[in-house]
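Accompanying notes for the structure given below.
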Amino acid sequence: MEKIVLIDPDSEVRMVGQNALEYAGYEVYSAAEGNSGMHLVRQQKPEVVVLDVMTPGKHGYALCQEIRGDASLSHAKIIVCSTKAYPSDIKRAKELGADAYLLKPYRGDEILNEVRSALNPGGPEVFVKFWGTRGSVPTPGPATIRYGGNTACVELRSGKDLLMLDCGTGAREMGIALNREFKGHPLDLHIFISHTHWDHIQGFPFFAPAYTPGTRLTLYSSRGADKSLEKVFTGQMDASYFPVALSDMMARLYFVELDGPAKVGGMNISHFYLNHPGLAIGFRIQIGPKTIVYLTDHECYCRMSGENEHNRKLDREVTEFARGADLYIREAQYTDEEYSTKRGWGHSTFTDALESAHEAGVKQLALFHHEPMHDDDTLDRILTACRETMIRRKMTFSCFAAADNQQIKI
């Protein structure tokens, strides 16, 4: 966990920075004046120091010089923050060793982006957070504490770009966290829906940013077989099922029925049709040189309908869609024994996920869409079996079972 030291006399600014950085997984220390701040820097040896120019006790320029003069702190990045926007001050700060200069007051996302850029100047950092990893139906309770019981919802971030994959019950907690992070300020959020079965959309009526005036939510998916994407969401919030109509949400809602690739800031998103009852799609997200593939609710063609050249061709197309992914989020709902009684239900086994990851040459596999009857101990056993198979088969990617509230950096 990377360490950050914040040195700023303004307690509100420190709180904004600390909340944003801790939410993103950094270990944060703070001080209100220069001398105690420099003591923290020497003690913690952080990766990044965020400091104000006009810090009492020892001003920001002196802090820059002291940090740059200490060989044990040569690795530290310095972000100078100030309300002063004079070019001469910005130039002076950088001459004294600052890596970046950020104007105050700043928002949480602005300081987070500066820290991430300082830590990774060669390219975009990509963060993935799992808010819901369960399939079919939520499974709260003591048996699912470690892996979680919320249905499908995954957050992707790169710089200012924020994207959401599916809107199962995990969306409720994601929405609460976003409101806390952005202090209720309007968001521009893009939500990609793999398909509109309940476990992938049932969190949307409880997604707090949808009730924030000025927020813009754009929902993407394929058009349904007999109704538009907007009509599906409207129907879910019919008065028979929910007390708030879709039209009463205060965010601006936009519905995009995909007929080709989409672009969200620096993210390029393509989609691929899957083998599942109704219409379901997987997503491939390209962010600079990094790739995340999200492929849930899919049944292998040969598994379901038997070995023949046509089915093998379809399975190869799935493999090519996942080719070389840095992170492959793949449904792995059943064991092989369970699949024997659930053929034709539209889901995969964990051995299907392993084979697909191996053939596609991915770097990391996240087992996803966990069977609701699988408790934490069962998922532990499945993960152990996967890793034993990988050793035996000399599979070279890493593998983990995705858990609610788990965050990883790509």
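The values are calculated or read from the model by the stated rules, or taken from the named source; none is laboratory data. Keep in mind it's a predicted model, so treat the numbers as computed, not measured. With ideal geometry, Cβ positions are generated from the backbone for all residues, glycine too; neighbour counts draw on all protein chains shown.
Some points to look at:
- Extreme residue, surrounded by the most Cβ atoms within 10 Å (Cβ to Cβ), among residues of the stretch 278-316 that are out of contact with any Phe, Trp or Tyr (no Cβ under 8 Å at 6 or more places or on another chain) and within 25 Å of Asp226 (Cβ to Cβ): Asp297
- For the stretch 117-128, the set of residues classified as surrounded by fewer than 21 Cβ atoms within 10 Å (Cβ to Cβ) and within 18 Å of the chain's Cα centre (by Cα) consists of Ser117, Asn120, Gly123, Pro124, Glu125, Phe127, listed by residue number.
- Among residues of the stretch 349-366 that are on the phi > 0 side of the Ramachandran plot, those with a Cβ under 9 angstrom from a residue that is of a type in the set (A, V, I, L, M), sequence gap 6+ or separate chain, pair up as Gly361/Ala322; Gly361/Ala325.
- In this entry, Tyr254 is excluded by the filter for residues that are at pLDDT 95 or above, in contact with a strand residue (DSSP E or B) (Cβ under 7 Å, 6 or more places away or on another chain), among the hydroxyl-bearing types (Ser, Thr, Tyr) and under 30 Å from Thr319 (Cα atoms).
- Qualifying residue in the stretch 169-187 (condition: crowded, with 19+ Cβ neighbours inside 10 Å, in contact with a His (Cβ under 9 Å, 6 or more places away or on another chain) and either without any contact (Cβ under 8 Å) to a residue 40 or more places away in the chain or not in a strand (DSSP E or B) (or both)): no
- For Arg303: the one exception among (1) farther than 22 Å from Cys153 by Cβ; (2) free of Cβ contacts under 8 Å to residues at least 40 places away in the same chain: (2)
- Residue ID - surrounded by the most Cβ atoms within 10 Å (Cβ to Cβ), chosen from residues in the stretch 1-29 that are among the small types (Gly, Ala, Ser) and closer than 17 Å to Lys104 by Cα: Gly17
- Pairing residues of the stretch 269-293 that are at negative phi with residues that are hydroxyl-bearing (Ser, Thr, Tyr) and not in a strand (DSSP E or B), at Cβ distances under 7 Å and at least 6 apart in sequence or on separate chains, gives Asn275/Tyr301; Leu279/Ser222; Ala280/Ser194; Ile281/Ser194; Ile281/Ser222; Gly282/Ser194.
- Residue in the stretch 231-239 that is closer than 14 Å to Leu279 by Cβ and part of a strand (DSSP E or B) present: no
- Within the stretch 209-231, the residues that satisfy the criterion of being touching a residue at least 24 places away in the same chain (Cβ under 8 Å), surrounded by fewer than 19 Cβ atoms within 10 Å (Cβ to Cβ) and of a type outside the set (Asp, Glu) are Tyr211, Pro213, Gly214, Arg216, Thr218, Arg223, Gly224, Ala225, Ser228.
- Enumeration of residues in the stretch 243-261 that are farther than 11 Å from Leu217 by Cα, of a type in the set (D, E, K, R) and in contact (Cβ under 8 Å) with a residue 24 or more places away in the chain: Glu257
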